[in-house]
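Below: the structure, in structure tokens.
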Amino acid sequence: MARIAVSPVASRLAVQTIVLHASKEGARITASGQAEPNLTSVDHAAASWAPEHGEPAGNGTDTLTASAWQFRPLKTSLGVLAVLGLRGPPGRAPIPAERAALAESLIDQAALAHERLKLELDMREVEVVRQRDTLRATLLASLSHDLRTPLTAVTAAAEAMRPSGEDADLVETVRTEARRLGRFLSDLLDLTRIEEGAVTPDFAATDLTDVVSSALADLPRSYAHREIETTIDPNVPFVRADAVLLHHALLNLIDNALKYSPDETPVRVIARMGRRGPVIDVLDRGPGIPIGAELRIFDRFARGETSERTGGSGLGLAIVKGFVDAMGFGVEASRRQRGGSRFSIRIPKDAVVNIDLEDIV
Ligand code: ADP
């Protein structure tokens, strides 16, 4: 490709050409008109100088003029992709003055050809990644679907068992583990739906007070002994949201806050009006997010050291982010100054619904 791109330069200007690409080991010759020329150390210096400075170097320029070659950086919108070397016949400058304009335009064309090739290669790579992602999502979806039926049967059988004596412990283990597997499968299904872009929010005017109270009501019974303080600013407006997705996201955050903080510490849930729109905060006094992990923990299968002990899958926060993103909201994690984590769901101002009370009356 490089050879084709520069062949008009060679024939129209009657010069020898080479193309060099920058690599970690220095400039590497990727195409040359004739047999690969032997470049001297001055030639190499000029070939490296040109792309570094974005200016011509070598014969007929202001820099490293001892080189028999003139090196021109092939500048594109993607940066300097290669450097083109030109060498005139003995005793002649690579680019005679009367052909300077022609040379400029030929070199620009060669740069454009390089840019196009680079873009095409990038596109091809993106396509390969996309196909691999689709395949993975399909596999995941069919796997979680196929596992659901047998798991439902196991769960139902385990719940119906009435064991006595030492069998009770064994049956309890089957029950808890089957429930956990069930949660994991439904998380996997949610995640594949998010990744396929199949989550389409069902928007309606939503009261954040209801979202908070329904999330609290849905917490597992095992947290009944925990203290949860809620503060809801009465000025928080209704928002345009999918109540089910928001409920699911908030429930996950509160569940994590309880899971990752000591029993004797309270968890706080706050709905307030921030500067850029309504915010729901979930605060705890646990170990907090590891420094620098504020973004990474939202990746799928991101799990902290404590996750294994608590039976985590590393999918919860990825689902929270997927649901929140689908509604056009944001979610972020940070460390609290005096210890613990803060997770905030941020709702943009344009999602605020102005309900005219007179309409309702
Ligand atoms: P899981 O809890 O199943 O491991 P999540 O996606 O819900 O997966 O969370 C990812 C990781 O983020 C957790 O393993 C944990 O290390 C960290 N994390 C989540 N919430 C909190 C929190 N409130 N406090 C401290 N760490 C947290």
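The values are calculated or read from the model by the stated rules, or taken from the named source; none is laboratory data. Note that the coordinates shown come from a computational prediction; the quantities given were computed from them, not determined experimentally. Please note: Cβ atoms are built from the backbone with ideal geometry, for glycine as well, and neighbour counts cover all protein chains shown. Surface accessibility is based on the protein's heavy atoms, side chains included, excluding ligands, DNA and RNA. Shrake-Rupley method; radii C 1.70, N 1.55, O 1.52, S 1.80 Å.
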Criterion (surrounded by fewer than 12 Cβ atoms within 10 Å (Cβ to Cβ), more than 33 Å from the chain's Cα centre (by Cα) and farther than 30 Å from ALA82 by Cα) met by exactly one of ALA101, ALA156: ALA156
Residues of segment 248-271 that turn out to be farther than 18 Å from ARG338 by Cα and either in contact with a His (Cβ under 9 Å, 6 or more places away or on another chain) or open to solvent by less than 30 Å² (accessible area, probe 1.4 Å) (or both), as a count: 6
Filter pass, GLU172 being open to solvent by 40 Å² or more (accessible area, probe 1.4 Å) and either under 18 Å from ILE347 (Cα atoms) or without any contact (Cβ under 8 Å) to a residue 12 or more places away in the chain (or both): yes
Residues satisfying the stated conditions in segment 272-293, i.e. open to solvent by less than 60 Å² (accessible area, probe 1.4 Å), farther than 25 Å from TYR223 by Cβ and within 23 Å of the chain's Cα centre (by Cα): GLY292
Residues located in segment 322-344, provided they are surrounded by 22 or more Cβ atoms within 10 Å (Cβ to Cβ), within 11 Å of the ligand (Cβ to nearest atom) and not small (Gly, Ala, Ser): PHE343
Every pair of residues 6+ apart whose Cβ atoms lie under 7 Å, when the first sits in segment 74-89 and is free of Cβ contacts under 8 Å to residues at least 60 places away in the same chain while the second is of a type in the set (Lys, Arg): LEU78/LYS118
Single condition VAL267 does not satisfy, out of (1) within 16 Å of the ligand (Cβ to nearest atom); (2) under 28 Å from the mean Cα position of the chain (by Cα): (2)
Condition met for ILE228 (within 16 Å of the ligand (Cβ to nearest atom), of a type in the set (Val, Ile, Thr) and at pLDDT 90 or above): yes
Cross-chain or 6+ apart pairs with Cβ under 8 Å, segment 36-54 first and under 13 Å from TRP69 (Cα atoms), then at pLDDT below 90 and exposed (fewer than 15 other Cβ atoms within 10 Å of the Cβ): HIS44/GLY26; SER48/GLY26
Residue check, GLU55 open to solvent by 70 Å² or more (accessible area, probe 1.4 Å) and modelled with pLDDT of 90 or more: yes
ARG303 free of Cβ contacts under 8 Å to residues at least 40 places away in the same chain, among the basic types (Lys, Arg) and either open to solvent by less than 40 Å² (accessible area, probe 1.4 Å) or closer than 29 Å to ALA198 by Cβ (or both): yes
So LEU139, is it within 29 Å of ASN252 (Cα to Cα), open to solvent by 90 Å² or more (accessible area, probe 1.4 Å) and not basic (Lys, Arg): yes
Selection status of LEU121, out of contact with any Ser or Thr (no Cβ under 7 Å at 6 or more places or on another chain), open to solvent by 60 Å² or more (accessible area, probe 1.4 Å) and among the aliphatic types (A, V, I, L, M): yes
Residues satisfying the stated conditions in segment 196-215, i.e. of a type outside the set (Gly, Ala, Ser) and surrounded by 16 or more Cβ atoms within 10 Å (Cβ to Cβ): VAL199, PRO201, PHE203, THR206, ASP207, LEU208, VAL211, VAL212
Complete set of residues in segment 58-81 that are surrounded by fewer than 24 Cβ atoms within 10 Å (Cβ to Cβ) and hydrophobic (A, V, I, L, M, F, W, C): LEU64, ALA66, ALA68, LEU78, VAL80, LEU81
Pair list, Cβ < 8 Å and 6+ apart or interchain, from segment 275-299 residues that are within 18 Å of ILE347 (Cα to Cα) and of a type in the set (D, E, K, R) to residues that are assigned to a loop (DSSP other than H, G, I, E, B) and more than 8 Å from the ligand (Cβ to nearest atom): ARG276/PRO348
